[in-house]
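**Student:** Below you'll find the structure I mean.
The values are calculated or read from the model by the stated rules, or taken from the named source; none is laboratory data. All figures in this text were calculated on a predicted structure; none of them were measured in a lab. Backbone-built Cβ (ideal geometry, glycine too); neighbour counts: all protein chains shown.
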Amino acid sequence: MNPVTIAVPKGRILKPLAALLARAGIPADVLLADDRALIRVAGPELRFLLLKPDDVPTYVEYGAADLGVCGRDVLDEREAQLYRPIDLGIGVCRMVVAGPVGKDEPRDLPRVATKYPRTAAAHFARKGVQAEIVYCGGSVELAPITGLADLIVDLVETGSTLVKNGLAEREIVSRVSSVLVANRASYKLRRAEIAPLVERLRQVVDASGRTDGGTA
Ligand code: PRP
């Protein structure tokens, strides 16, 4: 039998995720090893794939991973057909519109730089504001400082990146946290292996009072 495969995002979420998994009795030390290996084997029955956050839904949707951990920011931007059994209550941050400190918002057709074009377009459409959306792959905060854009739509956690770059939050687009996602077929066909993992995680998250109950 193949090991259960969990796709996890590289980056700042790994440490709190490993701690959460450990509390649920899921061996996750391998996630913290200083190593370039992209497959981390946690035993004969479990392995992790280390991915760019944006790729987690793809690996889970197509069944290359049974489970995954990804932010609501990524899920909102994509249309992956995935179960979302648990909000893990980690990676808590917010998607915001931000602009240069002390500069008024342009009235007509603001140009908005973002890594999240669908999310940004939907936000401005909801407000009835016509906006030109420009895709940037990272370091989006540079766009308003250099004249590439008037505004940005991006994630804020501590707010220090905005402050360091002379930007301020204008409005909140959505609240973001990390959720467990599951491949639809795996969730049914590998239920005997997956359900106990999900249940243990749910108990740990419930115990810390941070679950939203999930949607599956
Ligand atoms: C994210 C986000 C902001 C920053 C916000 O970028 O895009 O740039 O974190 O965090 P803060 O509010 O705590 O300062 P990330 O570091 O993930 O890298 P990226 O710019 O390459 O997306």
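Conditions tested, residue by residue: (1) buried (at least 16 other Cβ atoms within 10 Å of the Cβ); (2) outside any helix (DSSP H, G or I); (3) not polar (S, T, N, Q).
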{"position": "Gln81", "(1), (2), (3)": "no, yes, no"}
{"position": "Pro85", "(1), (2), (3)": "yes, yes, yes"}
{"position": "Glu105", "(1), (2), (3)": "no, yes, yes"}
{"position": "Leu109", "(1), (2), (3)": "no, yes, yes"}
{"position": "Ala120", "(1), (2), (3)": "yes, no, yes"}
{"position": "His123", "(1), (2), (3)": "yes, no, yes"}
{"position": "Val134", "(1), (2), (3)": "yes, yes, yes"}
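**Student:** Follow-up. Restricting to segment 164-202, and then to whatever is β-branched (Val, Ile, Thr) and surrounded by 14 or more Cβ atoms within 10 Å (Cβ to Cβ), can you tell me which residue is farthest from the ligand (Cβ to nearest atom)? Let's see the steps before the verdict.
**Tutor:** Filtering segment 164-202 for residues β-branched (Val, Ile, Thr) gives 172-173, 176, 179, 181, 194, 198.
Next, from what is left, pick out any that are surrounded by 14 or more Cβ atoms within 10 Å (Cβ to Cβ): 173, 176, 179, 181, 194, 198.
Numbers: Val173: 13, Val176: 11, Val179: 17, Val181: 19, Ile194: 29, Val198: 27 Å.
Filtering segment 164-202 for residues that are β-branched (Val, Ile, Thr) and surrounded by 14 or more Cβ atoms within 10 Å (Cβ to Cβ), the one farthest from the ligand (Cβ to nearest atom) comes out as Ile194.
**Student:** Show the residue pairs that are 6+ apart or on different chains and have beta-carbon atoms under 9 Å apart, the first residue being within segment 150-178 and farther than 20 Å from Ile133 by Cα and in contact (Cβ under 8 Å) with a residue 24 or more places away in the chain, the second being of a type in the set (Gly, Ala, Ser) and part of a loop (DSSP other than H, G, I, E, B).
**Tutor:** From segment 150-178, the pairs are Glu157/Gly91; Gly166/Gly102; Val176/Gly91; Ser177/Gly89; Ser177/Gly91; Ser178/Gly89; Ser178/Gly91.
**Student:** Suppose we keep only residues that are part of a helix (DSSP H, G or I) and of a type in the set (Gly, Ala, Ser) within segment 1-33. Which one would you say is surrounded by the most Cβ atoms within 10 Å (Cβ to Cβ)?
**Tutor:** Going through the qualifying residues, I end up with Ala18.
**Student:** Here are the criteria: (1) modelled with pLDDT of 95 or more; (2) outside any helix (DSSP H, G or I). Tell me which single one Arg36 does not satisfy.
**Tutor:** Among (1) modelled with pLDDT of 95 or more; (2) outside any helix (DSSP H, G or I), the lone unmet condition for Arg36 is (1).
**Student:** Going through segment 153-162 one residue at a time, which ones are crowded, with 16+ Cβ neighbours inside 10 Å and either at pLDDT below 95 or near the ligand (Cβ under 6 Å from one of its atoms) (or both)? Spell out how you get there, then give the answer.
**Tutor:** Filtering segment 153-162 for residues crowded, with 16+ Cβ neighbours inside 10 Å gives 153-156, 161-162.
Listed by number, the residues that qualify are Asp154, Leu155, Val156, Thr161.
**Student:** From the set of residues in segment 136-152 that are closer than 14 Å to Arg111 by Cα and near the ligand (Cβ under 10 Å from one of its atoms), which is surrounded by the fewest Cβ atoms within 10 Å (Cβ to Cβ)? Don't jump to the end; show me each part of the working.
**Tutor:** Filtering segment 136-152 down to residues closer than 14 Å to Arg111 by Cα leaves 136, 140-152.
Then drop every residue that is not near the ligand (Cβ under 10 Å from one of its atoms), which leaves 136, 140-142, 152.
Details: Cys136: 19, Val140: 25, Glu141: 19, Leu142: 14, Ile152: 28.
Among those residues, the one meeting the criterion is Leu142.
**Student:** Further, regarding this structure: I'm trying to understand the selection: among the residues of segment 188-211, which are part of a helix (DSSP H, G or I) and closer than 26 Å to Gly11 by Cα? Quick ask: steps written out before the conclusion?
**Tutor:** In the first step, residues of segment 188-211 are kept if they are part of a helix (DSSP H, G or I); the result is 188-189, 191-207.
Passing the criteria: Ile194, Leu197, Val198, Glu199, Arg200, Leu201, Arg202, Gln203, Val204, Val205, Asp206, Ala207.
**Student:** With respect to Lys115, is the statement that it is in the same structural domain as Leu21 (by TED's automatic domain parsing), of a type in the set (D, E, K, R) and within 13 Å of the ligand (Cβ to nearest atom) true?
**Tutor:** Working: in the same structural domain as Leu21 (by TED's automatic domain parsing): no; of a type in the set (D, E, K, R): yes; within 13 Å of the ligand (Cβ to nearest atom): yes.
No: the conditions fail for Lys115.
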